[in-house]
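To start, the structure itself, in structure tokens.
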Amino acid sequence: MRYFRNAKYHKPQGPMYIFLGGEWTITPGLLSTGLTHDMALENAGILFYTEHRYYGQSWPFENNNLTVKNLKYLSLHQALADVAHFIRYQKSQSVNLTHSKVILIGGSYSGSMAAWMTHLYPELVAAVWASSAPLLAKADFYEYMHRVENSLTLSYGSNCTRRLERGFKHLVNLFNENKASDLLSRLNACPNYNASDSLDRISFFSGINNYFAWITQSYSTYLPQLCETLLSQHSSDAESLLTFLELLYALDQRWNAYYCQDFSYKSMLQLYSESSDHSSGSRAWFYQTCSQFGWFTTTGRSAINATSGTATFGSEVPLWYFEQLCRDAFGPELGPATLALGIAQMNSEFGGHDFDHSLRYRQVLFTHGELDPWRVLGYARGRQALVIAGYSHVEDLASINVQDSVPMNLAKLRVMSFLRRHTEVI
């Protein structure tokens, strides 16, 4: 288990701030910048950044082998046990940490881990800050794309999502009427793509959905610019999305004239194969979602958004598509029944996102961005949950900045105050 440490500001028995790594490779940047670093500096704390098993350089097998047999040691409970062992180990190695209070911080999945640690190992953790943490495991996460639509509307206006909806309907009609060849040519699709194959068709629409999801989740400040670009296309509403995608995918071809867009199911499956680039974490994370969490961003069932009454991103990506991906990537043992059992056990043990905060997770402060599609699976009500207007996923982890909004900086001050109270010696 790899980890980074910064003890520059630490005084004996000062708090231990542990930022938990999630489904990524850790880097040392968090040791010298960000709100967690600033709190360690202010409170004479020691700062750690831990890496999750099966990601980065933290492997239980020397050859970094990701066969299904070896992946059986990749689970939430194993990862939480790693964190518990890490805390005990650090305290046992230094008399200066024996009585140090432990503060856990995490973002997204690692924020969920930090909160769940207080349930399984309450004696080890004094307080937690969980940023953008999903708590409810569920397979059919259709609400995600609904939230993407809502965030686009909040950031720009309904004229943007109306144009998107009409654009998606046009793309669907081209496939339904067997007229997709010109569309695929304009988007520089690879020759192996088969528009008549159901899995290839779903992969195409899933890939387009993922682009809008990625911008909304990770680059929310660009949402107005995205809508401006979409609305500036001098074509009909139906044609505008295709023109937008043509511009988007043309960027890749500029760098490589021989490059083509592989929209096929085979290409999607390759991301999760044993031979995939393990440094990306794609196969390991997909295994976790297929076995315990679900969180598949569908647009099949319940495609109609209850808020808007529309289905902006169509209804082309059903749950069974992800279930097929799980089976093809990891074998028949990771089918829907296995996932359903894993989800039921998760929500039964940890309480999902519908719980009495006075009884459970009392030492946890939850923060969410208003625009974050993951917010629907998190805890976002009550005094110990903050929703920050105008922001999306884990955008509150950086230091206080005068260029941020007043609500953002007030939220950060509340985080610091909450955690400070839990590190004070009683």
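Under the classification rounded if a/c is under 1.5, otherwise prolate if a/b is larger than b/c and oblate if not, where does segment 181-244 fall, given a ≥ b ≥ c as square roots of the Cα gyration tensor eigenvalues? Because a/c hits 1.5 or more and a/b fails to exceed b/c, segment 181-244 counts as oblate. Beyond 25 Å in Cα-Cα separation lie the following of the pairs Lys69/Lys91; Lys101/Lys138; Lys72/Lys138; Lys179/Lys266; Lys91/Lys412; Lys138/Lys179: Lys69/Lys91; Lys101/Lys138; Lys91/Lys412; Lys138/Lys179. Helix 143-155 sits at what angle to the longest principal axis of the chain, using alpha carbons and giving 0 to 90 degrees rounded to 10? Helix 143-155 and the main axis of the chain meet at about 90 degrees.
FRET efficiency for Ser94 and Thr25, Cβ-Cβ distance as r, R0 = 25 Å, nearest 0.05?
According to the calculation, E is roughly 0.40.
Note that segment 64-80 has calculated 3J(HN,Hα) couplings of 6, 7, 10, 5, 4, 4, 6, 6, 5, 8, 9, 8, 4, 5, 5, 5, 5 Hz, one per residue in order, obtained from phi through the Karplus relation 6.51 cos²θ - 1.76 cosθ + 1.60 (θ = phi - 60°); glycine and proline are x. One decimal place: the segment Arg327-His77 gains 87.7 nm when fully extended, by the rule 0.36 nm per residue minus the C-alpha distance.
For the pair Tyr211 and Ser417, the difference between a 0.36 nm per residue extended length and the Cα-Cα distance amounts to 70.5 nm.
Binning all Cα-Cα separations of segment 13-83 at 10 Å, short to long from zero, yields these whole-percent fractions: 19, 41, 26, 12, 2. GNM on the chain, alpha-carbon springs under 10 angstrom: the most fluctuating residue among Gly331, Gly369, Gly352 is Gly331.
Which of rounded, prolate, oblate describes segment 375-426, given a ≥ b ≥ c as roots of the alpha-carbon gyration tensor eigenvalues and a/c under 1.5 marking rounded, otherwise prolate only if a/b is larger than b/c?
Numbers: a/c = 2.32, a/b = 1.25, b/c = 1.86.
Here segment 375-426 falls in the oblate category.
The helix-based estimate of mean residue ellipticity at 222 nm for the chain, built from -39,500 (n - 2.57) per DSSP H run of four or more residues and divided by its residue count, is -14000 deg cm²/dmol to the nearest 500.
Once both labels are positioned 7 Å from their Cα atoms along Cα-to-Cβ, the gap between His119 and Gln403 label points is 3.9 nm. The solvent-accessible area of Leu397, taken with every protein chain present and a 1.4 Å probe, is close to 40 Å². Using C-alpha pairs below 8 Å separated by at least 6 residues, the relative contact order for the chain is 22 percent. For segment 1-160, the spread of Cα coordinates along the three principal axes comes to 60, 43, 28 Å, biggest extent given first.
Report in % the part of the accessible area of the chain that belongs to carbon and sulfur, leaving out ligands and nucleic acids; probe 1.4 Å. The C+S portion of the solvent-accessible surface of the chain is 52 percent. At q = 0.20, 0.21 Å⁻¹ the log10 of I(q)/I(0) for segment 291-426 amounts to -1.20, -1.24, computed by Debye summation with a single uniform scatterer per C-alpha, solvent ignored.
The HN-Hα couplings worked out from phi for segment 24-35 by the Karplus form 6.51 cos²θ - 1.76 cosθ + 1.60 (θ = phi - 60°) are 8, 8, 6, 10, x, x, 5, 6, 10, 7, x, 5 Hz, whole numbers, x standing for Gly and Pro. In the full protein context, the chain carries 44 Å² of accessible surface per residue, based on a 1.4 Å probe and ignoring ligands, DNA and RNA.
Mean-square fluctuations from a GNM of the chain, with a 10 angstrom spring cutoff on Cα atoms, peak among Val172, Val402, Val128 at Val402. For the chain, a simple Cβ point-charge model (Lys and Arg +1, Asp and Glu -1, everything else neutral) yields a dipole of about 1200 debye relative to the Cα centre. Shape verdict for the chain, please, from the Cα gyration tensor: rounded (a/c under 1.5), prolate (a/b greater than b/c) or oblate. Prolate is the answer for the chain, as a/c is 1.5 or above and a/b outweighs b/c.
Pairs of Cα atoms nearer than 8 Å and 6+ residues apart set the relative contact order; for segment 15-130 it is 31 percent. Loop-located GluC sites (Glu not before Pro) across segment 42-83 with a Cβ neighbour count of 10 or fewer within 10 Å are Glu62, with loop assigned by DSSP.
In this structure, the amide hydrogen of Leu386, modeled 1.01 Å from its nitrogen in the peptide plane, lies closer than 5 angstrom to those of Phe366, Thr367, His368, counting only residues at least 5 positions away or on a different chain. Averaging the Cα positions of each part gives two centres, and for segment 367-426 and segment 1-69 these lie 21 Å apart.
The values are calculated or read from the model by the stated rules, or taken from the named source; none is laboratory data. Everything numeric in this text was worked out from a predicted model, so none of it was measured. FYI the Cβ positions are ideal-geometry reconstructions off the backbone, even for glycines, and counts take in every protein chain you see. Surface areas here come from the heavy atoms of the whole protein model, side chains and all, with no ligands, DNA or RNA. Shrake-Rupley method; radii C 1.70, N 1.55, O 1.52, S 1.80 Å.
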